[in-house]
1. Name the residue, out of F218, F182, F186, that is touching a residue at least 12 places away in the same chain (Cβ under 8 Å) and open to solvent by 80 Å² or more (accessible area, probe 1.4 Å).
2. Go through (1) touching a Leu at 6+ places or on another chain (Cβ under 7 Å); (2) farther than 30 Å from N156 by Cβ; (3) open to solvent by 60 Å² or more (accessible area, probe 1.4 Å); (4) at pLDDT below 95 one by one and return the number of the condition E93 breaks.
3. Among A212, A204, A227, which is farther than 30 Å from I52 by Cβ and in contact with a helix residue (DSSP H, G or I) (Cβ under 6 Å, 6 or more places away or on another chain)?
4. I want to confirm something. Restricting to segment 275-293 and keeping residues that are in contact with a Gly (Cβ under 9 Å, 6 or more places away or on another chain), farther than 15 Å from P79 by Cα and modelled with pLDDT of 90 or more, which single residue is most open to solvent (accessible area, probe 1.4 Å)?
5. Are any of the residues in segment 45-67 out of contact with any Pro (no Cβ under 9 Å at 6 or more places or on another chain), part of a loop (DSSP other than H, G, I, E, B) and surrounded by fewer than 16 Cβ atoms within 10 Å (Cβ to Cβ)?
6. Given (1) at pLDDT below 95; (2) outside any helix (DSSP H, G or I), where does I233 come up short, assuming only one miss?
7. Within segment 247-259, which residues are assigned to a helix (DSSP H, G or I), farther than 19 Å from L67 by Cα, open to solvent by less than 30 Å² (accessible area, probe 1.4 Å) and touching a helix residue (DSSP H, G or I) at 6+ places or on another chain (Cβ under 7 Å)?
Amino acid sequence: MAWNVFKFCTALRGLGSIMILLVLGVVGVSYYAVVITNYGPALAAGGLDSLIAFVVLVLFHFLLVMLLWSYFSVVFTDPGAVPPNWRPAVDEESGDNDPLTASEFPSDQENGRVRFCRKCNQLKPPRCHHCSVCGRCVLKMDHHCVWVVNCVGALNYKNFLLFLFYTFLETSLVTLSLLPHFIAFFSDGDIPGTPGTLATTFLAFVLNLAFALSVMGFLIMHISLVAANTTTIEAYEKKSTPKWRYDLGRKRNFEQVFGMDRKYWFVPGYSEEDLRRMPALHGLEYPSKPDLGAQEF
């Protein structure tokens, strides 16, 4: 029997807010090593060292603000719940009336377009999946992330991608800025600082290097998912499907996640204009290829 990787998240239910504290702990160690121990004091050194320290500190604080903004936007933003008594729209042109009761949905596979969740006892919009950790259906669910103690779905997926993006940039910056100090640990000369500050610098370098490498892998994976307009769950479920009905081209696929207003691409949230003209941002309706209209997951 094939192992379902998505069931692994249920074993991590008990971690809860501990993961948030862990993230803040890594941020605190990094801040102490970069700002308090190394580059803050270097501002008073004068010359090129002061200039380098100034640039590092400006970039560090900017990326830190964007990282925390994106992170807590994922944590506190509802990923997307199915509206009460939601029903699919009636196709007036073809004259099809979508069923309105659960009794007309014996199983998910018997209808190509509309599915029914037996656990929530409600109809499921397109691309919606039930999360066993949250105990409810989530619009365009990607996965349940223990690092944000929340599901990642239609309404916070952009925030999650920005969190990965700024985490990669921040951890890479910390790794590069602490690299000379890390190399100094293996030199024969004396290293300035107390045992506590040296240990913090060493720990911050190792942690940020590990996070930078791991987050880079996740970021590359999710960039490929956005380019194909699919989610982690959909990619797992449609391995045998050669064509994907929601793949409208890389530009339109990107806009369905980040919006059309470029001023909002790198910040959590969308412009009012995008929210008004792009139903996909609300998680209930998605444009698709007409020749693949019967395909559904």
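The values are calculated or read from the model by the stated rules, or taken from the named source; none is laboratory data. Predicted model only: the values in this text are computed from it and were never measured. Note that we place each Cβ from the backbone using ideal geometry, even for glycine, and neighbour counts take in every protein chain shown. Side chains included, ligands, DNA and RNA excluded: accessible areas come from the protein's heavy atoms. Shrake-Rupley method; radii C 1.70, N 1.55, O 1.52, S 1.80 Å.
1. Step by step, each of F218, F182, F186 is checked, and only F218 is touching a residue at least 12 places away in the same chain (Cβ under 8 Å) and open to solvent by 80 Å² or more (accessible area, probe 1.4 Å).
2. (1)
3. Exactly one residue qualifies, and that residue is A227.
4. L275
5. yes
6. With respect to (1) at pLDDT below 95; (2) outside any helix (DSSP H, G or I), I233 is out only on (2).
7. N253, Q256 - these are the residues of segment 247-259 that are assigned to a helix (DSSP H, G or I), farther than 19 Å from L67 by Cα, open to solvent by less than 30 Å² (accessible area, probe 1.4 Å) and touching a helix residue (DSSP H, G or I) at 6+ places or on another chain (Cβ under 7 Å).
Listed here are the residues, each with its yes/no results for (1) assigned to a loop (DSSP other than H, G, I, E, B); (2) at pLDDT below 95.
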| residue | (1), (2) |
| --- | --- |
| K140 | yes, no |
| L176 | no, no |
| L179 | no, no |
| F186 | yes, yes |
| S214 | no, no |
| M221 | no, no |
